[in-house]
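The block underneath contains the structure these notes are about, expressed in structure tokens.
FYI, it's all coordinate maths here, none of it is from the lab. In this text the structure is predicted, and so the values were computed from the model without any measurement. Here Cβ is always computed from backbone atoms with ideal geometry, including for glycine, and neighbour counts include all displayed protein chains.
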Amino acid sequence: MLSTQTYKEMENTPDGEDAYHGRTGPFPIRQRTYAELTASMRGFIDAAMAEGFRRVDDFNGPDPSGVGGYPVNVVDNVRQNVGLVYLTDQVRNRANLKISGNLLVDRVLFDGHRATGVVTDDGEEIYADEVIVSGGSYGTAAILLRSGVGPAEDMAKLGIDVVADLPVGQHLQDQPFYYNAYALKREALDMRPAVGALLWLPSSEARGDELDIHIAVTHLMPPEYSPTGGAIALSVAVVKPDSRGTLTLRSRDPLEQPEIDCNFLAEERDARRMIEGVKLARRIGRNPALARFLELEILPGDAVGDAQLADAVASNLASYGHPAATAPMGGPDDPWAVVDASGAVKGLSGLRVVDASIMPVVPSVALNPTTIMIAERIAKAVYPSELGHRGAELAVTT
Ligand SMILES: Cc1cc2nc3c(=O)[nH]c(=O)nc-3n(C[C@H](O)[C@H](O)[C@H](O)COP(=O)(O)OP(=O)(O)OC[C@H]3O[C@@H](n4cnc5c(N)ncnc54)[C@H](O)[C@@H]3O)c2cc1C
């Protein structure tokens, strides 16, 4: 309930019903309309409806199950990110704020179990009363591990002194993603806007009321991949996966990338749901309402039948780009927990994590708004006086 209120306070959108939407927040959300989509994307929506799915005009409304335009952050053709909408000139001019770009944090500095600052890859030490790590699911986990916050066994192998033995990087979760791609007919090469449309549905193995499959439709394919110079991708994602992966350090060198194993489709239920989604995407691709815009199937390709589908998908699997849960939030008895409900790292003081890494489970959406919601909630609960308005009313709960 409180997070619903936070979402509304974050949002500014002219779309949808007041009960579900905010009008004046910093973060712009625009629900793409059917009319503004390309002809082939409209063909996708028509084809999905012909296959029995309901039309959705507001994916952030009460019932998002079905097909429609994707909600985006694009305003006047510019995608709005948090740097643009939160770091306004007024914020940038605050006397107590210094922004240093192009700076790589190596690790957190400690005095015993109290964080005292960070050190950069070129040896600069920056001291603070409190350190908040927001490096994203990969970056944060790597910083914590280099700092000695992680599984003691792994630390020992790399010669890193253990500050806190916690399961950092052990429960990584992301959404597997497969491009079912088609070449557009030469008379249907319109590819703007490039994003998009969405079919959001429960698979036949969905639990409860979860909507565990996305078919996200974009024109985000390099033109040279298509014999006609234009393409449409019906990208299938299992957005409530069971599989968990890992992030581990290869070395303590901050310039060396960590080892990331998403472990996609390791759980058989994920593999089955992915194939079910790809079969559905292909069925929609063959529906005349969409097929009339399509020259041929690029991926997996018309020669690939159902029997070869699992191999074809496995050999071209991608990530939706939504990694989470490398430093999961949880209660005191949760063996997976790295941080508590306010993002504070367990067993340490002066160290907090605020980003997608603390989501215990990946939500069935693109993660940017959820990450902002978490940051807003923690900021208001932990620093109510700095933020002023209503902060004290909000409590952080998992
Ligand atoms: C290609 C792509 C498209 C996406 N599109 C969408 C979308 O349309 N909608 C949506 O909701 N979500 C989208 N996402 C997901 C969304 O971007 C992320 O879930 C969200 O940004 C997570 O926020 P975060 O703060 O956890 O991490 P990030 O936004 O990744 O922020 C972490 C920051 O820390 C920096 N960093 C990392 N390590 C260090 C270090 N050692 N020293 C200094 N800095 C460091 C990184 O450079 C980065 O700037 C997309 C993701 C990708 C990859």
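The orientation-averaged shadow of the Cα convex hull for the chain, equal to a quarter of the hull surface, comes to 21.1 nm². If one computes the Cα centroid of region 126-205 and of region 57-104, what distance in Å separates the two points? If we compute the Cα centre of each part, the gap is 19 Å.
GNM on the chain, C-alpha springs below 10 Å: top fluctuator among PRO300, PRO241, PRO332? With Cα springs under 10 Å in the chain, the top fluctuation among PRO300, PRO241, PRO332 is at PRO332.
Per-residue packing, averaged as other Cβ atoms within 10 Å, sorts the ranges 27-38, 348-359 into the order 348-359, 27-38, beginning with the highest.
Return the percentage of antiparallel bridges among DSSP beta bridges fully within the chain, rounded to the nearest 5 %.
Details: 49 of 59 bridges.
Antiparallel bridges make up about 85 percent of those DSSP assigns within the chain.
For the residue pairs LYS8/LYS279; LYS98/LYS240; LYS98/LYS380; LYS98/LYS157, the alpha carbons lie more than 29 Å apart in LYS8/LYS279; LYS98/LYS240; LYS98/LYS157.
Dipole magnitude for the chain: computed about the Cα centre from +1 point charges on Lys and Arg Cβ and -1 point charges on Asp and Glu Cβ, it is near 800 debye. Taking every DSSP helix (H) stretch of at least 4 residues in the chain, weighting each as -39,500 (n - 2.57) and dividing the sum by the residue count yields a mean residue ellipticity at 222 nm of -7000 deg cm²/dmol. Relative to the dominant Cα principal axis of the chain, helix 306-315 is inclined by about 30°.
Taking the charge dipole of the chain about its Cα centre, with +1 at Lys and Arg Cβ atoms and -1 at Asp and Glu Cβ atoms, the residue from ALA379, GLY148, LEU348 reaching farthest to the positive side is ALA379. Using the Cβ of HIS322 as centre and a radius below 15 Å, the other residues enclosed give a net charge of -2, where K and R count +1 and D and E count -1.
Please arrange VAL78, VAL362 by how many other C-beta atoms lie within 10 Å of their C-beta, fewest to most.
Numbers: VAL78 10, VAL362 23.
Neighbour counts put them in this order, fewest first: VAL78, VAL362.
Two decimals is fine: what is log10 I(q)/I(0) at q = 0.12, 0.22, 0.23 Å⁻¹ for region 138-259, from a Debye sum with one equal scatterer on every Cα and no solvent? For region 138-259, the Cα-only Debye profile gives -0.68, -1.05, -1.11. Each Lys or Arg adds one and each Asp or Glu takes one away; over the other residues whose Cβ falls under 14 Å from the Cβ of ASP106, this sums to -3.
Sequentially through region 88-103, phi angles give Karplus couplings (6.51, -1.76, 1.60; θ = phi - 60°) of 6, 4, 4, 5, 4, 8, 4, 5, 9, 10, 10, 9, 10, x, 6, 10 Hz, Gly and Pro residues having no value and appearing as x.
The amide H of VAL133, built 1.01 Å from its N in the peptide plane, has ARG352, VAL353, VAL354 as neighbours under 5 Å, considering only residues 5 or more places off or on other chains. Rounded, prolate or oblate for region 236-298? Axes are the square roots of the Cα gyration tensor eigenvalues, ordered a ≥ b ≥ c, and the cut-off for rounded is a/c under 1.5. Here region 236-298 falls in the oblate category.
Among rounded, prolate and oblate, which fits region 184-243 when a ≥ b ≥ c are the square roots of the eigenvalues of its C-alpha gyration tensor, a/c under 1.5 means rounded, and a/b larger than b/c means prolate? Intermediate values should be presented prior to the final figure.
Working: a/c = 3.57, a/b = 2.78, b/c = 1.29.
Prolate, since a/c reaches 1.5 and a/b exceeds b/c.
Packing-wise, with mean Cβ within 10 Å as the measure, how do 139-149, 99-109, 272-282 rank, highest first? Please list the in-between numbers first.
Details: 139-149: 25.4, 99-109: 13.7, 272-282: 21.6.
Top of the packing list down: 139-149, 272-282, 99-109.
This model, with +1 at the C-beta of Lys and Arg and -1 at the C-beta of Asp and Glu, gives region 1-146 a dipole about its Cα centre of some 120 debye.
Enclosing the Cα atoms of region 66-214 in their convex hull gives a volume equal to 241 cubic angstrom per residue.
Under 5 Å from the amide H of VAL74 lie the amide H atoms of ARG30, GLN80, each residue being 5 or more positions distant or on a separate chain, with H modelled from the backbone and absent for Pro and chain starts.
Relative to the longest principal Cα axis of the chain, at what angle does helix 268-286 sit, 0 to 90 degrees, rounded to 10? Value to nearest ten degrees: 40. Evaluated with a Cβ-only charge set (Lys, Arg +1; Asp, Glu -1), region 77-228 carries a dipole of roughly 620 debye about its Cα centre, given to the nearest 20.
Summing charges over neighbours of ASP190, with a neighbour being any other residue whose Cβ is under 15 Å away from its Cβ, gives +3 when K and R count +1 and D and E count -1. In order along region 241-256, phi translates into HN-Hα couplings of x, 8, 5, 10, x, 9, 10, 10, 7, 8, 7, 8, 6, x, 8, 8 Hz, rounded to whole numbers, per the Karplus curve 6.51 cos²θ - 1.76 cosθ + 1.60 with θ = phi - 60° and x for Gly and Pro. Expressed as a fraction of 2.2 N^0.38 Å, the value expected for a compact globular protein of N residues, the C-alpha radius of gyration of region 218-267 is 1.76. Between VAL75, PHE264, LEU294, the Cα set farthest toward the positive side of the dipole of the chain (charges on each charged residue's Cβ, about the Cα centre) is that of LEU294.
Between the helical axis of 39-50 and the dominant principal axis of the chain, each derived from Cα atoms, what acute angle in degrees is found, rounded to the nearest 10? For 39-50 against the chain, the angle is about 80 degrees. Considering the options ALA35, THR326, LEU97, tell which one lies farthest towards the positive end of the dipole of the chain, charges being +1 on Lys and Arg and -1 on Asp and Glu at the Cβ, about the Cα centre. Farthest towards the positive pole: ALA35.
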